[in-house]
């Protein structure tokens, strides 16, 4: 009976895994087709056209320029956001203040407001502040933090032994120093969760960049989505576009592989696991 | 170094709990004082108030002549050792010790000198580059002490620093602490619920209950001359035997026994009709067959514990256990640890010299020394007779 239950569970897991893996595998094989061929023909192309990757990297536009744009936008939107969220999480977990819980609930409530509602007012503010066609909005998003990450850090810090705060206070630390020198260095697991979660989100961000940035500041996502074309033709080179898309996913996948252990620990220690 | 004056300290938490209720206490410069009491008596809250980790609701704290009531913890020049050591897990032993000095802007050379001195004093030289996770409980405890000592503050506060150590190590570290205090001579306030620590470490001990100090005195005075039922029941291990008694026809009667009052001398006149009689376990003596004893009782021994040098015998008496509020507050913590439900009858303990004799299941006769018996008012709990410390060493404590 137990064996049968396990077999069913494994089968279910395999099906779910396949749903996520099959498109990637299909994309990989399709990226090796002849660049003008489209996606028709056998699943595994023969011969494999590895040239598509070289063309994606250096053929139609300066891949590295837009890759750098992606790095910059991801950095300025992620690093400040993780730090300010950790700081806010510390404050919600540790600083006794009137109305703390009410503010926390209000802050959490903002996660339920759909982006479509806030985007137009935000766009208007960006234009009024002369930040249209600049990277400043990304930095502002960064500094503003993330309600979900604040929740994550608050959960993690709430489980910290309060003796550490007391010891730091006796050693002469105020709240900021306690956060920076005691809490932050011991936040490896939630920091990894936060960087991966937010970083991958900004890495693949499409709509905001497409709407707010000029071509020279665009990140790779929207740039690749415009498609690769052969010289003088209006036909999209699907295998090359897929090759570029796969190249684009390499950095976040590498980050995940390197930080996988810490990520799992972070998910457990921050109480995100059900 | 500095003296500490606690002037009518009150601490009420936002939920209305009055953890500290008007404590007045002066701790002398260089003194080692122990705050002792059962769980929830307010001793740790009082310590945290002195540290500046809790704001007092009323009253004043003066350290070295300076009113620090509204001064931040970091500006009070106090170091604290915590129950769980509170070592910074990401720092090595060296960095843990140096951290407080660094934060206070101590010059590098001075920090290095103090680290070396403290490490030598506490035997930490080999452990300086390890992190707390790689240390044993005893080593962590020493690092926590080192962190406090390196700061060279005017006052040390210690919050049950031995409670996480095993029994054997606790005895050793207790002795080390006493030696360290003798060496450094810094004013020290030590909190514990363990009355053995209070008896062995403190030059004076303050016994607390329900946020109030019941008695402050030397450990010997607390043991021999408790001012009330709470102190009498709390100090001593095994604790004092207590039973309700009444005075009638020139006798003290309890549990079917009748003892002639004239043996008490002048103290007999101080006793009201109802009293609580207290007898320390070591104040029983076995009466041999044919021997006469004016004050003696029969005991059916149900349990014996042979401790080597002495033997503890337990026997029920035909009376209910004393259940005043004070006693209940002491027992509350203990009963959670008890294996069996409490008996309806009071269980007495006698400490007798050890030998080859077995007492278990036997009926013996035990004499009481009237001059070593304590009497308490059953309503107020106050001691009704004065007992001076006797000129003999304290009995060994468990």
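Each reported figure results from applying straightforward, stated rules to the coordinates on display, with no laboratory input. Here the structure is a predicted model, which is why all the values come from computation and not from measurement. Quick reminder, even Gly has a Cβ in these numbers, built from the backbone with ideal geometry, and neighbours come from all protein chains shown.
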Please compute, for peptide A:158-170, the average count of beta-carbon atoms on other protein chains lying within 10 Å of each residue's beta-carbon. 6
Degrees between helix A:147-158 axis and first principal axis of chain A (Cα, 0 to 90, nearest 10): 50
Per the rule of 0.36 nm per residue minus the C-alpha distance, extending residue B:293 to residue B:270 adds in nm 6.0 nm
For a label point 7 angstrom out from the Cα of residue A:28 toward its Cβ, which stretches of region A:245-261 have the backbone nitrogen within less than 15 Å? A:245-251, A:253-254, A:257
To the nearest 10 degrees, the tilt of helix B:137-150 (Cα long axis) against the first principal axis of the alpha carbons of chain B is 60
Angle, helix B:93-103 long axis vs. longest principal axis of chain B, Cα atoms, 0 to 90°, nearest 10? 70
Per 5 Å bin, what is the whole-percent P(r) computed from every C-alpha pair distance within region A:69-165? 3, 12, 17, 20, 19, 13, 8, 5, 2, 1
Tensor-based shape of region B:100-205 (alpha-carbon gyration tensor, a/c under 1.5 rounded, otherwise prolate or oblate): oblate
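Highest first, please rank the peptides B:182-188, B:87-93 by the mean number of other Cβ atoms sitting within 10 Å of their residues.
Numbers: B:182-188: 16.4, B:87-93: 19.6.
Order by mean packing, descending: B:87-93, B:182-188.
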Estimated inter-spin distance, residue A:16 and residue A:144, nm [label 7 Å along Cα→Cβ]: 3.3
Run through the DSSP bridge list for the protein assembly as shown and note the antiparallel percent, rounded to the nearest 5. 75
So if we plug the beta-carbon distance of residue B:220 and residue B:249 into 1/(1 + (r/R0)^6) with R0 = 56 Å, what FRET efficiency do we get, rounded to 0.05? 0.95
Nitroxide proxy distance, nm - points 7 Å out along Cα→Cβ at residue A:226 and residue A:64: 2.0
Give me the Kirkwood hydrodynamic radius of region A:1-49, using the inverse of the mean 1/r over all pairs of distinct Cα atoms, in Å to one decimal. 12.9
Output ordering of A:96-109, B:282-295, B:2-15 (per-residue mean of other Cβ within 10 Å, highest first) is B:2-15, B:282-295, A:96-109
Only helices counted: for the protein assembly as shown, with every DSSP H run of 4 or more residues adding -39500 (n - 2.57) and the sum spread over all residues, [θ] at 222 nm is -13500 deg cm²/dmol
Relative intensity, log₁₀ I(q)/I(0), of region A:1-134 from a Debye sum that treats every alpha carbon as a point, q = 0.13, 0.14, 0.19 Å⁻¹: -1.03, -1.04, -1.12
What is the ratio of the Cα radius of gyration of chain B to 2.2 N^0.38 Å, where N is its residue count, to two decimals? 1.12
FRET efficiency, residue B:72 to residue A:75 (Cβ-Cβ, R0 25 Å, nearest 0.05): 0.10
Principal axis extents for the protein assembly as shown, Cα atoms only, whole Å, descending order, please. 126, 70, 51
Cα extents of region A:149-195 along the three principal axes, largest first, in whole Å? 31, 16, 14
Averaged over residues of B:87-95, the number of beta carbons from other chains lying within 10 Å of each residue's Cβ is 3
Looking at the square roots a ≥ b ≥ c of the eigenvalues of the Cα gyration tensor of region B:238-376, which shape do they give, rounded for a/c under 1.5, prolate if a/b is larger than b/c, or oblate? oblate
When a/c is below 1.5 the answer is rounded, else prolate if a/b is larger than b/c, else oblate, so apply that to chain A with a ≥ b ≥ c taken from the square roots of the Cα gyration tensor eigenvalues. oblate
Rounded to the nearest angstrom and ordered from largest down, what semi-axes does the equivalent ellipsoid of region B:129-180 get from its C-alpha gyration tensor (root of 5λ)? 18, 16, 9
Using the beta-carbon distance between residue A:132 and residue B:182 and R0 = 51 Å, what value does 1/(1 + (r/R0)^6) give for FRET efficiency, to the nearest 0.05? 0.10
Relative packing of peptides B:368-374, A:74-80 - highest average C-beta neighbours within 10 Å first: A:74-80, B:368-374
Which percent, to the nearest 5, of DSSP beta bridges fully inside chain B are antiparallel? 75
Just need the Rg to Rh number for region B:1-150, please, alpha carbons only, Kirkwood Rh. 1.01
Taking each residue in B:148-156, count the Cβ atoms of any other chain within 10 Å of its Cβ, then average. What number comes out? 1
